[in-house]
Amino acid sequence: CADFGGGYLEAATSADHSFTGTVVGASISFSLWVYLSSTADQTLISKFGGIDGYNLAIYNAPLKPPELAFSIWDQPVNPPVAPNGCWYTSLAGGTPQALVTGKWQHIVAIFDNVAVQPCVARIYIDGVNTNATVDTTYDLMGGNAYTATKFRLGSRGAGTGAIPYSGKMDEVSIWSKALTAGEVATIFAAGVVTTTADLTGESGLESWYRFKATDDFTGTANGIVDELGNSDLTAGGTVSSAPVV
């Protein structure tokens, strides 16, 4: 697994893991295992340039437990105006598994935008659909969420506040489709400690980061291998290889 100490893993180009063309009708899913050392605000997955792109993060709203925030931003102007994208949170609409420290947890975030409005997204924690709800201020998509900022794990993009991740991460997969509840359940049931889901040959799978002991976390270009060969990552800052247990 990858142990983040405030560092990040970054794709080689801004084209990696980017929406191309309109986001209306597009689907993308992220699956990952996390081992949190803290439930403070932190970035898990991001391709966010300040006004456009997407972001999956741990978010601490006032008077609420820590939750997952999954947002997709479509900004025609700077400074941004509302409505300007989609913002979903995991706790507002249901009773999901709680985010905790010192335990491996499985997270899936799905953007399945089939119309300009309303936005459609789902967030799963440990195989449970959290019934994530949209912030009604941000519930309209119309253009292109492409951003020149590079895709990162563990930090927001260059030029924005990093809000870095400090825990561990493993088995990150990125899909060009909306994962079904059954597919989410299969990945979660396989676990992360003793066995993991074999995703070889799965339709819609774009990238799969397993963080093997042979990966190079020293900052060497393309040191972290994508099993599909589409987008190897490079470590920036303090990130290291660690056992899963």
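The values are calculated or read from the model by the stated rules, or taken from the named source; none is laboratory data. From a predicted model like this one, the values you see are computed outputs, not experimental measurements. Quick reminder, even Gly has a Cβ in these numbers, built from the backbone with ideal geometry, and neighbours come from all protein chains shown. Accessible surface is based on the protein model in full, side chains and every heavy atom, while ligands, DNA and RNA are left aside. Shrake-Rupley method; radii C 1.70, N 1.55, O 1.52, S 1.80 Å.
The residues of the range 177-203 that are more than 26 Å from A26 (Cα to Cα), small (G, A, S) and either assigned to a loop (DSSP other than H, G, I, E, B) or modelled with pLDDT under 90 (or both) amount to a single one, G191.
Test A235 against the stated conditions and say whether it is exposed (fewer than 15 other Cβ atoms within 10 Å of the Cβ), modelled with pLDDT of 95 or more and touching an Asp or Glu at 6+ places or on another chain (Cβ under 9 Å). Walk me through it before giving the result.
Working: exposed (fewer than 15 other Cβ atoms within 10 Å of the Cβ): no; modelled with pLDDT of 95 or more: yes; touching an Asp or Glu at 6+ places or on another chain (Cβ under 9 Å): yes.
For A235, the condition - exposed (fewer than 15 other Cβ atoms within 10 Å of the Cβ), modelled with pLDDT of 95 or more and touching an Asp or Glu at 6+ places or on another chain (Cβ under 9 Å) - is not met.
Could you grab the pairs with beta carbons closer than 7 Å, sequence gap of 6+ or different chains, first residue in the range 73-90 and closer than 22 Å to A148 by Cβ and at pLDDT 65 or above, second one small (G, A, S) and assigned to a strand (DSSP E or B)? From residues that are closer than 22 Å to A148 by Cβ and at pLDDT 65 or above, the pairs are W73/G53; W73/G85; D74/G85; G85/S71; C86/S71; C86/A121; W87/A69; W87/S71.
The residue that is nearest to S38 (Cα to Cα), among those in the range 135-161 that are among the hydrophobic types (A, V, I, L, M, F, W, C) and open to solvent by 40 Å² or more (accessible area, probe 1.4 Å), is A158. When you scan the range 206-216, how many residues do you find that are open to solvent by 20 Å² or more (accessible area, probe 1.4 Å) and either touching a helix residue (DSSP H, G or I) at 6+ places or on another chain (Cβ under 9 Å) or not in a loop (DSSP other than H, G, I, E, B) (or both)? Result for the range 206-216: 1. Evaluating T180 against the criteria (1) closer than 16 Å to I110 by Cα; (2) among the hydroxyl-bearing types (S, T, Y); (3) in contact (Cβ under 8 Å) with a residue 12 or more places away in the chain leaves one unmet condition, (3).
Only one residue in G229, G201 is of a type outside the set (S, T, N, Q) and over 16 Å from D16 (Cα atoms), so which one is that? Answer to the check: G201.
The conditions of being small (G, A, S), farther than 17 Å from G5 by Cβ, at pLDDT below 90 and in contact with a Pro (Cβ under 7 Å, 6 or more places away or on another chain) are not met by G159.
Listed by first and then second residue, the pairs with beta-carbon distance under 7 Å, at least 6 apart or on different chains, first residue in the range 128-152 and under 11 Å from P118 (Cα atoms) and charged (D, E, K, R), second outside any strand (DSSP E or B) and open to solvent by 60 Å² or more (accessible area, probe 1.4 Å), are D139/P83; D139/Q117; D139/P118. A Cβ distance below 7 Å, combined with a sequence gap of six or more or placement on separate chains, defines the contacts here; from the range 96-111, residues that are touching a residue at least 12 places away in the same chain (Cβ under 8 Å) and aromatic (F, W, Y) reach residues that are open to solvent by 20 Å² or more (accessible area, probe 1.4 Å) and assigned to a loop (DSSP other than H, G, I, E, B) in the pairs W104/V193.
Take the conditions assigned to a loop (DSSP other than H, G, I, E, B) and of a type in the set (D, E) and apply them to D135. Does it pass?
Values: assigned to a loop (DSSP other than H, G, I, E, B): no; of a type in the set (D, E): yes.
Here the answer is no, as D135 does not meet what is asked.
Consider A69 carefully, then state whether it is closer than 12 Å to L91 by Cα and outside any strand (DSSP E or B). Walk me through how you get there before you give the answer.
Numbers: closer than 12 Å to L91 by Cα: yes; outside any strand (DSSP E or B): no.
Considered against the rule, which asks whether it is closer than 12 Å to L91 by Cα and outside any strand (DSSP E or B), A69 comes out as no.
Among the residues of the range 161-176, those that are in contact (Cβ under 8 Å) with a residue 60 or more places away in the chain and either farther than 26 Å from D215 by Cβ or outside any loop (DSSP other than H, G, I, E, B) (or both) comprise K168, M169, D170, E171, V172, S173, I174, W175.
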